[in-house]
Amino acid sequence: MWHADEYLEKLYDSSMKRIETAKAFRTAEERKLYLKQKLWQLLGDFEASEDRKPVLLERTACDGYIRERVELSAIPGLSFAAYVLVPDSYSREPLPAVVALHGHGYGSREIVGLTPDGSPDMEPPGVHGHFAIQLAKRGMIVIAPDVAGFGERRLQADVAANPDVNHSCLRLSTQLMMHGKTLAGLRVTETIKTIDYAAGRAEVCSDRIGIMGFSGGGMISFMTAVLDTRIRAAVIAGYPNTFKDSILAMQHCVCNYIPGMLAHAELPEWLGLISPRPLFVESGSDDRIFPEQGFRAAADQLRDIYRHDGAEDRLMADLFPGKHQISGRYSYDWLFDQLSKTGAIE
């Protein structure tokens, strides 16, 4: 066997067989608990920083909302900025909040209507659709953190080598793996700190926090929603699929790969750990890196999971006409509706 193609196919098949065998030895709830604990382990442990007071960096009045930029910290020696959009509709009653996570591009500015240098973006929105603004206009407070490795958080070594480089995923991922950690773990850790910050703001109804992420931001959003049950509802865009049809089928950014993850479950089962909390998954029918067939397979498996949990009505799936991009044609309003409902969701 000169080429490893057949070996990789057999390796995948063997993993699927082991996963099915493992399911037989635990109840559904026991398996969920096992996978959640395993996800923490796979992501790698990050030391928590001491409580640091957020620092307000700027405040700007915009059309229909106030835009702030704040500095936060989740681990010692490392800080990050986040944009906060507060709708003009806020008066005294706390509003629902959404943590919004961008994908590959130039950072959080891409989803809050700004260009890379922070000036207003007057061009038609790109694949991210300025989705943080769309959520704010529906009456939700939006917190959009800078994801590690993008925009102003690119590594100096990468920028020095190529000022036009748009991310530092390779260098961050490989060096963190050498320390038994993952870039996804760092990003999830910082997202959880962002939830802490959101919950502590006077304008936010702390039991009505959701999350929405696109592409790589969708990956971080789903992991955060699995691990932090304060997330009441989640929208995962441009990411839901199967590993086999997406990140194993073609070359993706290295930040998508978590060592050992496929040894325990395929992606739809990992996504299903959010159940029974509300989940909306969307993908473009012409998305080449997260293809339609994988999205359909994932949506079918998610329906089975939610049906088993008696929560089928809390799952929505939208395969929209489009490429690798945000749609929001149903998900924006759905998320607002979910975060506006009364009554607790277990």
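The values are calculated or read from the model by the stated rules, or taken from the named source; none is laboratory data. Because the structure is predicted, anything quoted here is derived from the model rather than measured. No Cβ is skipped: glycine too gets one built from the backbone with ideal geometry, and neighbour counts run over all protein chains shown. Side chains included, ligands, DNA and RNA excluded: accessible areas come from the protein's heavy atoms. Shrake-Rupley method; radii C 1.70, N 1.55, O 1.52, S 1.80 Å.
Restricting to region 278-295, name every residue that is in a helix (DSSP H, G or I) and buried (at least 20 other Cβ atoms within 10 Å of the Cβ). Break it down stepwise before answering.
So in region 278-295, the residues in a helix (DSSP H, G or I) come out as 292-295.
Within region 278-295, GLY294, PHE295 qualify.
Restricted to region 161-178, and to residues that are without any contact (Cβ under 8 Å) to a residue 60 or more places away in the chain and of a type outside the set (A, V, I, L, M, F, W, C), which residue is surrounded by the fewest Cβ atoms within 10 Å (Cβ to Cβ)? It comes out as ASP164. Please work out if ILE305 is open to solvent by 10 Å² or more (accessible area, probe 1.4 Å), under 25 Å from ALA24 (Cβ atoms) and not acidic (Asp, Glu). Answer is yes for this residue.
Condition check ((1) open to solvent by less than 10 Å² (accessible area, probe 1.4 Å); (2) touching an Asp or Glu at 6+ places or on another chain (Cβ under 8 Å); (3) of a type outside the set (A, V, I, L, M, F, W, C)) across all residues:
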| residue | (1), (2), (3) |
| --- | --- |
| ASP117 | no, no, yes |
| PRO120 | no, no, yes |
| GLU123 | no, no, yes |
| VAL127 | no, no, no |
| HIS130 | no, yes, yes |
| ALA136 | yes, no, no |
| ILE141 | yes, yes, no |
| PRO145 | yes, yes, yes |
| ALA148 | yes, yes, no |
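Within region 308-322, which residues are open to solvent by less than 50 Å² (accessible area, probe 1.4 Å) and either at pLDDT below 95 or within 18 Å of GLY210 (Cβ to Cβ) (or both)? Listed by number, the residues that qualify are ALA311, LEU315, ALA317, ASP318. Pairs linking a residue in region 248-267 that is free of Cβ contacts under 8 Å to residues at least 40 places away in the same chain and within 14 Å of HIS104 (Cβ to Cβ) to a residue that is of a type outside the set (Gly, Ala, Ser) and crowded, with 17+ Cβ neighbours inside 10 Å, with Cβ atoms under 7 Å and 6 or more positions apart or on different chains, are HIS252/ILE289. Of the strands (runs of 3 or more DSSP E) lying entirely inside region 1-90, those containing at least 2 residues that are touching a helix residue (DSSP H, G or I) at 6+ places or on another chain (Cβ under 8 Å) and either in contact (Cβ under 8 Å) with a residue 12 or more places away in the chain or surrounded by 13 or more Cβ atoms within 10 Å (Cβ to Cβ) (or both) are 65-75, 78-87. In region 221-273, the residue that is surrounded by the most Cβ atoms within 10 Å (Cβ to Cβ) out of those that are more than 22 Å from ALA22 (Cα to Cα) and among the β-branched types (Val, Ile, Thr) is VAL235. Where residues in region 279-326 are more than 22 Å from LYS244 (Cβ to Cβ) and of a type in the set (Lys, Arg), which of them is farthest from the chain's Cα centre (by Cα)? Across region 279-326, the extreme among qualifying residues is ARG307. Is it the case that GLN325 is of a type in the set (S, T, N, Q), at pLDDT 95 or above and either open to solvent by 40 Å² or more (accessible area, probe 1.4 Å) or at positive phi (or both)? So GLN325 fits the description; yes. Cβ-Cβ contacts under 9 Å between residues 6 or more apart (or on different chains), taken from a first residue in region 199-214 that is hydrophobic (A, V, I, L, M, F, W, C) to a second residue that is open to solvent by 40 Å² or more (accessible area, probe 1.4 Å) and assigned to a strand (DSSP E or B), are listed as ALA199/SER206; ALA199/ASP207. Just one residue in the set ILE133, ILE111, ILE143 is more than 16 Å from the chain's Cα centre (by Cα) and modelled with pLDDT of 95 or more; that residue is ILE133.
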